[in-house]
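Each remark here refers to the structure printed beneath this line.
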Amino acid sequence: MDPKTLSKVGKLKGIQLIGTGDFTHPLYLKELKEYLEYEPESGFYFVKGEDSELRFVPSAEISLIFSQDNKSNRRMHLILLAPDFEVVEEINLYLSKLGNLSSDGRPTFGISAERLTLDLVSISPYILIIPAHAWTPWYSLFGAFSGFDSIEEAFGEATPYIYAIETGLSSDPEMNWRISRLDGITLLSNSDAHSPWKIGREATAFFYPFSFENLYQSIKKGQIAYTIEFYPEEGKYHLDGHRTCKVVLTPKETKELGYKCPKCGQNLTIGVLHRVEILADRPEEYHPHDKPYSVHLVPLMEIMAQVFDLNLNSKTLERLYVEYVTRVGTEFDILLKKDLQELASKLPETLVLAINKVRNGQVFLKGGYDGVYGEVKIFENFSGEERTFFKQKSIFPLG
């Protein structure tokens with residue numbers, strides 16, 4: 001996950017802007033400064049010596065553990081975006097007084113979200129503070145175990161500086177639209193990549209011009225083009241359940257069981273869908289006319305693994321992926337933009353058929369729960385007693 005690798009994979013994916021990640025760590029920040037050069041025209045960074053349109057924006061994720069409203073276990077992850085490394089240095093100087101920046105790529109601090117936000121925007125109003133994976137059970141804004149019921153409750157006087165939330169892999173904009181309190185909040189989707197090949201599994205598309213100023217204003221004002229989404233069922237905290245006992249439940253079933261595992265009697269992990277149901281004040285099919293649309297996709301690696309019956313971690317799959325993407329252009333070209341006839345002239349027939357089914361939402365879904373990723377099947381339904389889902393969504397023509 002170094003800058004050169006991120007740049008190489010990002011170009012294959014079809015991404016123009018990637019967050020650096022982990023700028024709070026002294027050694028990684030040193031590496032970022034070594035490899036990246038500032039581009040005044042855009043306000044972004046690029047890898048030195050590379051002839052590439054891919055750019056980087058300084059980003060980090062931090063963890064907060066604090067007490068508030070008589071609760072001692074408030075836990076939240078926040079994404080930080082900064083305009084340049086000079087501001088990053090000021091952020092790190094401030095954070096170094098709160099904790100050890102060298103201990104982790106995602107350092108932990110015992111300060112409230114309100115206080116931290118007010119302090120950061122006093123350093124620079126161009127620092128963006130974005131609640132990460134806002135719905136997951138732990139370490140999130142709305143998490144069932146350590147979160148809050150509203151942005152105002154969590155951030156207090158700093159609420160006006162929270163312009164956006166990251167919806168996370170286990171929720172999508174459609175789920176968030178059901179909560180009227182979020183109408184003025186920009187809904188962002190990011191890949192939450194812990195390895196290079198997971199770059200771009202979720203993404204946000206912005207309008208031009210391609211600049212930090214426009215990125216900042218777009219997030220602040222909610223003027224984004226669209227988001228690329230995981231099917232939320234595939235996220236590992238979508239449904240309720242208990243991983244140890246392999247119990248997976250809908251919110252209704254959880255309530256009927258008194259929030260206890262029917263096998264062992266322990267507390268169930270309450271998933272994202274359940275939390276949305278609790279906070280929602282709109283019906284399930286609510287669809288605002290003035291919100292950016294979203295496109296639900298399955299990453300090309302996952303599609304190919306099913307089509308060719310290959311392990312996701314196999315070198316054969318990686319080699320085929322690079323070969324096919326290079327033939328067409330980028331992964332997003334294949335998944336979103338290219339005409340099917342053009343794809344058929346360059347890719348195997350079964351793969352093109354699978355891509356078309358994904359484009360039209362003709363997939364079978366089994367929801368994830370309690371840290372277990374959900375599953376997507378393209379050509380066959382789930383068998384036995386496993387829970388199944390089916391969604392039909394039309395994809396918007398993008399290119």
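No lab work stands behind these numbers, since they all come straight from the coordinates. Just so we're clear, the structure is a prediction, and the values are computed from it rather than from any experiment. Cβ coordinates were reconstructed from backbone atoms using ideal geometry, including for glycine residues, and neighbour counts include every protein chain displayed.
Quick look at the numbers
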{"item": "Semi-axes of the equivalent ellipsoid for the stretch 300-391, Cα gyration tensor, largest first, Å", "result": "25, 16, 11"}
{"item": "About the Cα centre, charge dipole magnitude for the chain (Lys/Arg +1, Asp/Glu -1 at Cβ), debye", "result": "840"}
{"item": "Cα-derived Rg over Rh, computed across the stretch 3-232 with Rh taken as Kirkwood radius", "result": "0.94"}
{"item": "Counting DSSP beta bridges with both ends in the chain, the antiparallel % (nearest 5)", "result": "70"}
{"item": "Prolate/oblate/rounded call for the stretch 143-243, Cα gyration tensor, a/c under 1.5 rounded", "result": "oblate"}
{"item": "Net length gained if the chain between ASP183 and TYR38 were fully extended (0.36 nm per residue, minus Cα distance)", "result": "48.7 nm"}
{"item": "Simple label model, 7 Å out from Cα along Cβ direction - ARG282 to PHE379, nm", "result": "3.9"}
{"item": "At R0 = 30 Å, FRET efficiency that the Cβ-Cβ distance of SER195 and LYS48 yields, to 0.05", "result": "0.80"}
{"item": "Gain in span if fully extended, PHE308 to SER96, counting 0.36 nm per residue against the direct Cα distance", "result": "71.4 nm"}
{"item": "Top of HIS133, HIS194, HIS242 by mean-square fluctuation, Gaussian network on the chain, Cα under 10 Å", "result": "HIS194"}
{"item": "Rounded FRET efficiency, nearest 0.05, which uses the C-beta distance separating ARG243 from HIS289 and R0 of 30 Å", "result": "0.15"}
{"item": "Helical contribution to [θ] at 222 nm, DSSP H n ≥ 4, -39,500 (n - 2.57), averaged over the chain, rounded to 500", "result": "-8000 deg cm²/dmol"}
{"item": "Per principal axis, descending, Cα span of the stretch 1-92 in whole Å", "result": "54, 28, 24"}
{"item": "Cβ-based charge dipole, the chain, positive-most Cα from TYR226, SER180, THR136", "result": "THR136"}
{"item": "Partner aspartates and glutamates for LYS8 [C-alpha distance under 18 Å; skip if fewer than 8 residues away on the same chain]", "result": "GLU31, GLU34, GLU37, GLU50, ASP51, GLU53, ASP192, GLU202, GLU318, GLU323, GLU331, ASP333"}
{"item": "Stretchable slack from THR326 to LEU118, in nm (0.36 nm times residue separation minus alpha-carbon distance)", "result": "70.3 nm"}
{"item": "Two-site FRET efficiency, TYR259 against LYS315, from Cβ-Cβ distance with R₀ of 45 Å, rounded to 0.05", "result": "0.50"}
